[in-house]
Amino acid sequence: MRKKLPIGIDGFEKLRTNDFYYADKTMFIKELLQNWGEVNLFTRPRRFGKSLNMSMLKCFFEVECAPELFDGLKIMQEKALCEKYMGKFPVISISLKSVDGLNFQAASAALRRVIGNEACRFSFLPESSRLGQDDKELYYGLTAIKNGSFLMTDDILADSLRTLSQLLFKHYGQKVILLIDEYDVPLDKAFQTGYYDEMASLIRNMLGNALKTSDSLYFAVLTGCLRISKESIFTGLNNLKVHTISDVRYDEFFGFTDADVDELLKFYVLSSYKDVFRDWYDGYRFGDAKVYSPWDVINYCDELLADPGAEPGNYWANTSGNDLIRRLLKKANQTTRYEVEQLINGGAITKTIRQELTYRDVEDSVDNIWSVLYSAGYLTWRDRLPGKQMKLTLPNREVRELFIDLVKDWFEETTLADSDRINRFCAAFPIGDTTTIQDMLHDYLWDSISVRDTAVRTNMKENFYHGMVLGLLRSQGSWLVKSNAEMGEGYSDIFIQTPDGIGIVIELKYADDGNLEVACAKALKQIEEKKYAKGLNHRSIKKIVKYGMAFCEKECMVVMT
């Protein structure tokens, strides 16, 4: 029986004891110990294995760990290291991804719950002969509950991780390893909801108390998507080592390398799909390593095992609201739109990358949004230039299609806001005013972002313009507007029926060679050959207007019969 694919499994013990497939990242442990840092921060995009690696660290170092979880894995070949470190440390392990709320009170209650639940794991502490009564009172302060809520005061919460570390140090006589996953999620949520200052102060105090020259700390590992600037969160934390996606060290331990993907595809007899995986899900650059999105690879493998004809999907892109790209588009001027065009069409843009930002900085300028898009995995680097500059590209097909979809949404949203203009555009269709349609389409194309890269399939380009025209026409609430409607002997691109009985058939073409006139002729010929208009005979339509539209970059032509 083949191993199960670990979709959504980020617990190492669960993965190893329930016969899930595991891409071996255990040598991360060796590198972490060799490249010693008392406090280590790893920033990586979401869904690239941060939580699983943190769970692995907990399972390896924690007192009374189960060594069999690591049977057959690379780290077990390091016998001296395993003898010295495996199962030798008290470990505090928390994830802050659930710390959320509509206000600071709700979010701080969620943080109390996270800390309190972790403290409750060490329920033996009140019985410890190595703890005095005052120590036990401190423990009760962390774990006291009333009506399902932890009662710790603000002061106790701010000092909670240091307190728990000291108690465990006293009990075991061994310094503590502290693991904090998704440290920046509470800050992101707070910024979006309006209580950033309060949450930033709380997180700053909690981390500062636990991580600054603590006698009870052996080492700490934090993970997140963004590096929040030292000045705002890590004030005075001089023992912090930051490892971003630009750094070569540890570059192969988050995400799937090419070798990881080859091994996985071979295991599931899917090697013939390698080119599809590379086109859609490869392209990230962490340090010097070329990396695939593991979430995508695992999900598409699962789809293929059920249906060998399954098309690749936007798995990673659909795990977030993608608000960063929306923010970029809302702030975009003509230059920014041109840069987005460059990216969508396979090109590169040059930007200065700032990897130390506060959440307020993100809103200050479009340039900062580019930096965050890079850190969050929407962009990757092609070349490094002097002065922290990088040539940035979209990593793969999945992210490109995400950008295209969001550009369509943005265009429709901004365009529909100008109701007078769009009403003039739509009114030209029933009366056959091709000059107005063509001129206004040209204006819209100039304001929008086009798909023109020759590496993009022609039908994908046509889909982009199809979506743009469709969004404009659907603004007319009294019109019946259908996309890819079955008509005659095929499927017309766009069909419209107006309340006064006018039927409009539209066929769109992308002119790769720039010959708009020939492309329009092909569009009209297709309408006739596929008998699209004939399919309208059974409807209560008095008049039929047929349009051929052709596009090439920001140029267009409209003809009718």
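The values are calculated or read from the model by the stated rules, or taken from the named source; none is laboratory data. None of the values given here were measured: they were computed from a predicted structure. All Cβ positions, glycine included, derive from the backbone under ideal geometry; neighbour counts span all protein chains shown. The area values use the complete protein model at the heavy-atom level, side chains included, leaving out ligands, DNA and RNA. Shrake-Rupley method; radii C 1.70, N 1.55, O 1.52, S 1.80 Å.
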Return one whole number: the accessible area per residue of the chain in Å², for a 1.4 Å probe.
43 Å²
Hey, what's the Kirkwood Rh for the chain if you take every pair of different alpha carbons, in angstrom?
26.9 Å
So what does the Cα-only Debye profile of segment 361-501 read at q = 0.13, 0.15, 0.20 Å⁻¹, as log10 I(q)/I(0), no solvent term?
-0.74, -0.90, -1.29
Helix 397-416 sits off the longest principal axis of the Cα atoms of the chain, rounded to the nearest 10 on a 0 to 90 degree scale, by 60 degrees
What is the antiparallel percent of DSSP beta bridges lying wholly in segment 77-233, to the nearest 5?
15 percent
Could you please put Tyr338, Tyr183 in sequence from largest to smallest accessible area, using a 1.4 Å probe?
Tyr338, Tyr183
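For Arg354, Arg46, write out the residues from largest to smallest accessible area, computed with a 1.4 angstrom probe and no ligands counted. All intermediate terms of the calculation are to be shown ahead of the outcome.
Values: Arg354 105, Arg46 40 Å².
So the residues, ranked largest to smallest area, are Arg354, Arg46.
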So, taking all protein chains as they sit and a 1.4 Å probe, how much accessible area belongs to Met390, in Å² rounded to tens?
20 Å²
Average Cα contact separation per residue, the chain, under 8 Å, 6 or more apart, as relative contact order %
11 percent
For segment 510-561, state which GluC sites (Glu not before Pro) are in a DSSP loop and have at most 13 other beta carbons lying within 10 Å of their beta carbon.
none
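Counting only protein chains, not ligands or nucleic acids, how are Asp135, Asp19 ordered by accessible area (probe 1.4 Å), most first? The partial results should precede the final answer.
Numbers: Asp135 25, Asp19 65 Å².
Listed by decreasing accessible area, they come as Asp19, Asp135.
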Cα-Cα over 26 Å, subset of Lys14/Lys189; Lys25/Lys391; Lys274/Lys509; Lys25/Lys170; Lys330/Lys509; Lys482/Lys522
Lys14/Lys189; Lys25/Lys391; Lys274/Lys509; Lys25/Lys170; Lys330/Lys509
Ile145 accessible area, 1.4 Å probe, all protein chains in place, Å² to nearest 10:
90 Å²
Rounded to the nearest 0.05, what FRET efficiency do Phe20 and Thr561 have when you use their Cβ-Cβ distance and R0 = 56 Å?
0.40
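Roughly what % antiparallel, to the nearest 5, for the DSSP beta bridges in the chain?
Percentage antiparallel, nearest 5: 50.
Convert 20 °C to kelvin, take the viscosity as 1.002 mPa s, use the Kirkwood radius over C-alpha pairs of segment 260-316 as Rh, and evaluate the Stokes-Einstein diffusion coefficient in µm²/s, rounded to a whole number. Show your work: numbers first, answer last.
Numbers: Rh = 11.5 Å.
Roughly 186 µm²/s, to the nearest whole number.
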Towards the positive end of the charge dipole of segment 301-406, with charges on Cβ (+1 Lys, Arg; -1 Asp, Glu), say which of Leu324, Val366, Leu304 has the farthest Cα.
Val366
Nearest-ten-degree value, helix 366-375 long axis tilted from longest Cα axis of the chain:
60 degrees
Can you pull the one-decimal nm distance between simple spin-label points at Arg2 and Asn333, each 7 Å off the Cα toward Cβ?
5.4 nm
To the nearest 0.05, the calculated FRET efficiency linking Glu553 and Glu13 through their beta-carbon distance, R0 being 56 Å, is 0.55
What is the gain in length, in nm to one decimal, between Lys30 and Glu263 on full extension, counting 0.36 nm per residue of separation less the C-alpha to C-alpha distance?
81.7 nm
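Among the GluC sites (Glu not before Pro) in segment 184-256, which ones are in a DSSP loop with at most 13 other Cβ atoms within 10 Å of the Cβ? Mind listing them? Each step should come with its number before you reach the end.
Numbers: sites: Glu198, Glu231, Glu252; in loops: Glu231, Glu252.
Passing sites in segment 184-256 are Glu231.
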Using the per-residue mean of other Cβ atoms lying within 10 Å as a proxy for protection, in what order, highest first, do the peptides 490-496, 260-266 fall?
490-496, 260-266
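Ranked highest first by the average count of other Cβ atoms within 10 Å around their residues, in what order do 27-40, 305-318 fall? Please list the in-between numbers first.
On the way: 27-40: 16.1, 305-318: 14.1.
Ranking, from highest mean packing down: 27-40, 305-318.
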Got a number for carbon plus sulfur as a percent of the chain's accessible area, 1.4 Å probe?
46 percent
